Each structure stands twice: as structure tokens, then as C-alpha cells.
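No lab work stands behind these numbers, since they all come straight from the coordinates. The structure displayed is predicted, hence computed values, not measured ones. All Cβ positions, even for glycine, are placed from backbone atoms using ideal geometry, and neighbour counts span all protein chains on display.
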Amino acid sequence: MGAEAIAQNGKEIALPACLFLDSYGGNFAEYIEAVYQAFRKDFVLTRPVFRGKALRLKRFPITSGWEATFYHLTHEGSDEQNRTPCFRRCERISWLKPLIEQCDALNLKVWPQIRKGKKRICIWLELANEPDHLIILDDREEYLLPWTAYPITYANQKRKKQKEYEEYLQEVKKQGPPN
């Protein structure tokens, strides 16, 4: 499948084509296998790099035969054992590696945050005419884990992320750029 042009901050960027259930005749088993193979190609067979730091996978717990990272990137819900597939997450699985690796070149919003005592990195793709996409990386000092990625579908979510980003910019402005 070819790349698609996505409008971001007033310019078009090329990303891998989305994977749609319709392309698999509505057969969910075939579809989720194709989504897994895209994930496997980008995160298992190769290792993405974010600003010089390698990404690894959280393999356990295995859920439905999938690594924890895949399950978290493609399913949603607060009950870890009973998350449901999120088609928007699945459709965009092939976007994650290029967005992580090219976030600076694409002028994406990137900022650190502390969430539940853990160091995270947020990468925000703002889109025109469809929901934005947020990628969260877990910073383990020596490496990063792709923690989750999801569409920002509600206005209040977008306002919250914008506020976090602006607070980060204010902090950087006060302290000066990091060394």
C-alpha cells in the first residue's frame, strides 16, 4: 500500500497508508494479523530510534498471543485483560515508527512528562480534518518503550495536551534549553 499525504501544521507529510478492515473483506482475524505484521516489521524485526535512543518492547504479559506493546498500541480500555480493539489505533499502526524517528524533521510537538511517577515522552501529530494522534514513550533511561498511541478524539483531550505542551515550553523558556 502506498503512502498517504497528511496535513500537519499547514503542510503535507507522507506517511504509510492506513490499514483498513474493509481491505480485508471485513475479516477481523485477517485484519488484526495484517496489523500485527506491520507492527512486527516496525518494532520486532527492526528497532526504531528516538533521538539516538533505541526502542525496545514490553513483551509480557502476553495477551491473545501478542506482546504487551502490540496489545496496548492497538486496544483500549482501563481493564488490562479486557481491552477492546480500537480500529483507529490499528489503522495507524504503520505511522508510529516514522513519526517516532522523524518527529523533529516533521516539527511535531514533543515534550517530556511525569505520569504516575514514570518518565514519559509525548509525540503529538496534529492533523487537519481528522483526529490528531499521540504517541507516548516510556523512558527507561537506557532505552525507551513504546507505551501507547491513540487518536485524540475529544476537544477536552486536545486542550489538556495543548496545556501540557505549553507548560513544558514555559518551563524550557525559564530554565533555558537542556544541555
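Within segment 127-144, track down each residue that is part of a strand (DSSP E or B) and closer than 21 Å to Arg88 by Cα. Before you say what the answer is, go through the steps one by one.
We begin by selecting, within segment 127-144, every residue part of a strand (DSSP E or B); these are 132-139, 144.
Once the filter is applied, which keeps residues that are part of a strand (DSSP E or B) and closer than 21 Å to Arg88 by Cα, segment 127-144 yields Asp132, His133, Leu134, Ile135, Ile136, Leu137.
Residues Lys116, Lys109: which one is among the basic types (Lys, Arg) and either surrounded by 12 or more Cβ atoms within 10 Å (Cβ to Cβ) or touching a residue at least 60 places away in the same chain (Cβ under 8 Å) (or both)? Walk me through how you get there before you give the answer.
On the way: Lys116 fails: either surrounded by 12 or more Cβ atoms within 10 Å (Cβ to Cβ) or touching a residue at least 60 places away in the same chain (Cβ under 8 Å) (or both).
Answer to the selection: Lys109.
Pull up segment 149-166, narrow it to residues that are in contact (Cβ under 8 Å) with a residue 40 or more places away in the chain and assigned to a strand (DSSP E or B), then point me to the one that is nearest to the chain's Cα centre (by Cα). Result: Ala149. Tally up the residues in segment 16-39 that are closer than 18 Å to Thr84 by Cβ, assigned to a helix (DSSP H, G or I), of a type outside the set (Phe, Trp, Tyr) and over 20 Å from the mean Cα position of the chain (by Cα), please. Of the residues in that region, 1 qualify.
Cβ-Cβ distances below 7 Å connect the following pairs, each with a first residue in segment 17-34 that is over 15 Å from Trp95 (Cβ atoms), a second residue that is of a type in the set (D, E, K, R) and assigned to a helix (DSSP H, G or I), and a separation of six or more residues or different chains: Tyr24/Glu30. Close contacts from segment 66-93, counting a first residue that is touching a residue at least 40 places away in the same chain (Cβ under 8 Å) and assigned to a loop (DSSP other than H, G, I, E, B) and a second that is buried (at least 18 other Cβ atoms within 10 Å of the Cβ) and small (Gly, Ala, Ser), with Cβ to Cβ under 9 Å and a gap of 6+ residues or different chains, come to Arg92/Ala149.
Answer yes or no: is there a residue in segment 13-22 that is crowded, with 16+ Cβ neighbours inside 10 Å and under 30 Å from Val172 (Cβ atoms). The answer is yes, given that some residue of segment 13-22 is crowded, with 16+ Cβ neighbours inside 10 Å and under 30 Å from Val172 (Cβ atoms).
Exactly one residue out of Lys174, Lys160 is of a type outside the set (A, V, I, L, M), surrounded by fewer than 18 Cβ atoms within 10 Å (Cβ to Cβ), within 25 Å of Tyr71 (Cβ to Cβ) and out of contact with any Leu (no Cβ under 9 Å at 6 or more places or on another chain), and it is Lys160.
Taking segment 123-152 as the range and being out of contact with any helix residue (DSSP H, G or I) (no Cβ under 8 Å at 6 or more places or on another chain), within 24 Å of Ala14 (Cβ to Cβ) and of a type outside the set (A, V, I, L, M, F, W, C) as the test, the residues that pass are Glu126, Asn129, Glu130. From Thr84, Thr74, grab the single residue that is surrounded by 17 or more Cβ atoms within 10 Å (Cβ to Cβ), under 22 Å from Tyr154 (Cβ atoms) and of a type in the set (Ser, Thr, Tyr). From the options Thr84, Thr74, the qualifying one is Thr74.
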